[in-house]
Amino acid sequence: MALILAATRWGSYIGVSPLFLTDVLLALGLAQWLIARSAHGKLPLTGLVQRSRPGMILSLFFAYVVVRAVFALAQNVATSDWIRDSAPFLYSFLAFVSAASVARASDRARMRTLRILVGALTVHLVWATFSIWTGFAGIPLPGGAAAVFQIRPDIDMAVLGIGAGTFLLAAFRSRRRFWPVVAVLVSLADVFSLQSRAGLISVVASMFVAYLIFYVSTPSKSGRRLFSQMLVPIAIAILLVVLPQTGAGQRLIATVNSSSAVTQAQLSAQGTENARRLVWSQVVAWTNETPSRQLFGSGFGNDFLTQSGTISFLEGTTYDNVRSPHNYFVGIYARMGLIGLLLAGGVVLSLLITIFRRLRLIATDGVLAMAAMIVVAILPVASLGVVLEAPFGAVPFWWGGGNRSR
């Protein structure tokens, strides 16, 4: 988690394909977790959360992923493609690990975890700020899919939003506010200089959750509660003034109101949106062609973008060897059918409901607060990209989901 929050995409892909540092760390961490449980047994529950396992809907989703992945092996597909397509969904196993861990972790362990993750967010803010404002393209790695310090707008904006929310809570709660406030301002300056519409939504969502956590943790009749209420109209006014001046804001406005598109960036945003809508509609239509595919999906390892005739709309000068329609839920429907889509939708809905129902509990623990912000920040960029189909999005999302799915 610390590696991915600090380095996002390039940290996830350090190594030589198909073996990356992320996978090695996950394997070692899971092995240590299983060995410790076998040798010492389960630690007692601390009472922070009610259960030590994810909810039923997430368990059903993981079970269906495993079953669908096993049956996909019988489809005579390349093993490397099968692993590449199924691995992001199998990362949902991490929800079971994080759920069991947070339910038994001591106060000291959670505080240490929080300090490590906040340190990772600080590292990310430093290198991202450097790369954004200097235009640094990164340091290429042999066999790597991304250069070190190379910005990927969607996930890096989401992590900047998680950091901004975390630093905002620190500014609200600490007497030493100078550096947290500076970190929030720098994070927002970085975000406004990037172009991702989904990333911008992620930042707003993450900071909104941070605000709600602060709001519910203040006494109902206090100056802090009045101050928190005054922040809402102030924040809305600032957004209305600042967003139209930013690249991401202009692209978002052009998406909502196509007649307002006048700049090249806005016209480009409309072109991207139209291409993706065309891909989504044709992938859905292709999946619906046979009842079995509609119900169970086409499986893992097959190239459904080529089979549906939509690959040409996504590949070009920017993307190569694309295997995702740039929408997590359309991709789930194509690979796992209606059953997978309903289960995935149920997982997302249960996570969001749990977050907003248990804000008071979340407000008492920094790890739970960060987990909540991670979940809501990654969902928008996953809905309009491939973030949840890669370790730099799937690992933190399912870690956060395990912390919140109860």
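The values are calculated or read from the model by the stated rules, or taken from the named source; none is laboratory data. Keep in mind that this is a model prediction, so the values were computed, not measured. Using ideal geometry, Cβ is built from the backbone for each residue, glycine included, and neighbour counts are taken over all protein chains shown. Please note that ligands, DNA and RNA were not included when accessible areas were found on the heavy atoms of the full protein model with its side chains. Shrake-Rupley method; radii C 1.70, N 1.55, O 1.52, S 1.80 Å.
Computed quantities for the displayed model
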quantity	calculated
Any hit, segment 149-157, residues being touching a helix residue (DSSP H, G or I) at 6+ places or on another chain (Cβ under 7 Å) and at positive phi	yes
Candidate set: segment 311-362, residues that are in a helix (DSSP H, G or I) and at pLDDT below 90; chosen: the one farthest from Val386 (Cα to Cα)	Ser312
Single match in Ala158, Ala146 (criterion: surrounded by fewer than 24 Cβ atoms within 10 Å (Cβ to Cβ), farther than 30 Å from Gly223 by Cβ, under 20 Å from the mean Cα position of the chain (by Cα) and small (Gly, Ala, Ser))	Ala146
Residue within segment 33-43 that is of a type in the set (Val, Ile, Thr), free of Cβ contacts under 8 Å to residues at least 24 places away in the same chain and either open to solvent by 90 Å² or more (accessible area, probe 1.4 Å) or on the phi < 0 side of the Ramachandran plot (or both) present	yes
Single residue of segment 46-62 satisfying the filter (of a type in the set (A, V, I, L, M) and more than 15 Å from Gly337 (Cβ to Cβ)) that is most open to solvent (accessible area, probe 1.4 Å)	Met56
Residue within segment 363-382 that is out of contact with any helix residue (DSSP H, G or I) (no Cβ under 8 Å at 6 or more places or on another chain) and modelled with pLDDT of 90 or more present	yes
Residue that is surrounded by the fewest Cβ atoms within 10 Å (Cβ to Cβ) [pool: residues in segment 335-369 that are over 30 Å from Leu73 (Cα atoms) and in contact with a Leu (Cβ under 6 Å, 6 or more places away or on another chain)]	Leu359
Checklist (1) part of a helix (DSSP H, G or I); (2) closer than 18 Å to Ile4 by Cβ; (3) open to solvent by less than 60 Å² (accessible area, probe 1.4 Å); (4) not small (Gly, Ala, Ser) applied to Ile151, failing item	(1)
When residues of segment 269-283 are limited to those that are among the aliphatic types (A, V, I, L, M) and closer than 14 Å to Ile311 by Cα, the one modelled with the lowest pLDDT	Ala275
Yes/no for Leu141 being touching a residue at least 12 places away in the same chain (Cβ under 8 Å) and under 18 Å from the mean Cα position of the chain (by Cα)	no
Number of the exception - Phe93 against (1) open to solvent by 50 Å² or more (accessible area, probe 1.4 Å); (2) at pLDDT below 90; (3) within 23 Å of Ser12 (Cβ to Cβ)	(2)
Tabulated pairs, segment 84-112, first hydroxyl-bearing (Ser, Thr, Tyr), second open to solvent by 30 Å² or more (accessible area, probe 1.4 Å), C-beta under 7 angstrom, 6+ apart or interchain	Ser92/Phe62; Ser98/Trp399; Ser106/Thr46
